[in-house]
Amino acid sequence: MAIKQIIFIFLLIIIGCAPNKLCLYSAHQKLYFPPQTVVDTQKLQAISWEDFIKKLETVRVVYVGEKHTSKADHALQLKIAQALIEKKRDLAIGLEMVMRSRQKVLDEWINGKLTEKELLKKLDWEEVWGHDFSLYRDIFLWAKKHHIPLIALNAPPGLVKKIAMYGISSLLPKERAYLAQKVDLNNPEHRAFIEQEYKRHKHLNKHGISKFEYFYQAQCIWDETMAETIAQYLKAHSQKQLLVFAGKGHISYKFGVPQRVIKRLPVSYVTVLPLSTDKEVMPDIADFIYVTK
């Protein structure tokens, strides 16, 4: 790293970013954006909501990240879905929070065959996902009203946890069949990103997750299973545009799910992250940032 870059980053840390604005920084400049702004990170500038949606219309996959407990993030996801439908896009929505073995349950919901209580019971929502369903209710109800297919993407969490504790080699053949067949563990940038997250979560040892290598295998199988499901759906539905809702860690910098999809199926895509005004980020974190309060 050049001396000027080091000095710049040091000054950025000391001075900090402007209050109530998101800070986008590189080695050459820092830019501030207020809430309810869409930022095109390639052009390093704010764009209108209309221009943002026009850009989303042109790709097969739109990844929208979320902090699972953020009402603002889920509101943005729904707003994007509504905008794409208004543009007459043939849309489906992929969901990290549902195991792909529960696809028939989502189909029953969209076809009006289940009450909300029945849906949550059949999805094992509390056990599998655990986050308050009220945060997702508007998305589920809107999809049902407009007959928008909901696509279950995720791996069984019990198997992911088993890998995190004991490694992929601990799986039985019948367990392995529920997960992505191809797993890439060789992306050094992704590994460094996940290792940083691992170090932040010191409580993992209390849950029997004590080896980073196993934790990393679990994260990769999680991403790969979603990527495999996305690629399979796109191949089978060539006219569909897929809107993917998943945690930010699976989308940031693209090396989680998006790049793993591309290895299976070369499709156009963009990534969108809702980020709050207390964040300081590099432009390559996503194609677009929506600044929340």
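The values are calculated or read from the model by the stated rules, or taken from the named source; none is laboratory data. On a predicted model such as this, the values are computed, not experimentally measured, just so you know. Every residue, glycine among them, receives a Cβ derived from its backbone with ideal geometry; neighbour counts consider all protein chains shown.
Every residue in region 156-169 that is assigned to a helix (DSSP H, G or I), in contact (Cβ under 8 Å) with a residue 40 or more places away in the chain and not hydrophobic (A, V, I, L, M, F, W, C), please.
Within region 156-169, Pro157, Lys161, Tyr166 qualify.
Of everything in region 108-155, what is in a loop (DSSP other than H, G, I, E, B) and crowded, with 18+ Cβ neighbours inside 10 Å? Give them in sequence order.
Hits for region 108-155 are Leu114, Trp129, Tyr136, Ile148, Pro149, Ala155.
If you take the residues of region 1-39 that are modelled with pLDDT of 50 or more and among the aliphatic types (A, V, I, L, M), which of them is nearest to Asp284 (Cα to Cα)?
Across region 1-39, the extreme among qualifying residues is Leu24.
With the checklist (1) in a loop (DSSP other than H, G, I, E, B); (2) out of contact with any helix residue (DSSP H, G or I) (no Cβ under 6 Å at 6 or more places or on another chain); (3) more than 29 Å from Pro149 (Cβ to Cβ) in hand, flag the one item Ile209 doesn't pass.
Only one criterion is unmet by Ile209, namely (2).
Please work out which residue is surrounded by the fewest Cβ atoms within 10 Å (Cβ to Cβ), limiting yourself to region 84-107 and to residues that are in a helix (DSSP H, G or I) and of a type in the set (A, V, I, L, M, F, W, C).
Ile85
Would you point out the residue of region 31-61, among those that are more than 20 Å from the chain's Cα centre (by Cα) and of a type in the set (Asp, Glu), that is surrounded by the most Cβ atoms within 10 Å (Cβ to Cβ)?
Top of the filtered list is Asp51.
Looking for whichever is under 17 Å from the mean Cα position of the chain (by Cα) and either closer than 14 Å to Glu96 by Cα or of a type in the set (D, E, K, R) (or both) here; the options are Ala286, Ala218, Ala246. Which one fits?
The match here is Ala246.
Select from region 60-73 the residues that are closer than 17 Å to Ser252 by Cα and assigned to a helix (DSSP H, G or I) and list them in ascending order.
Within region 60-73, just Asp73 meets the criteria.
Which residues, taken from region 177-193, are in a loop (DSSP other than H, G, I, E, B) and of a type in the set (Asp, Glu)?
Asp184
Condition (residue is at pLDDT 95 or above, surrounded by fewer than 21 Cβ atoms within 10 Å (Cβ to Cβ), charged (D, E, K, R) and in a helix (DSSP H, G or I)) applied to region 214-233: is it met by at least one residue?
No - not one qualifying residue is present in region 214-233.
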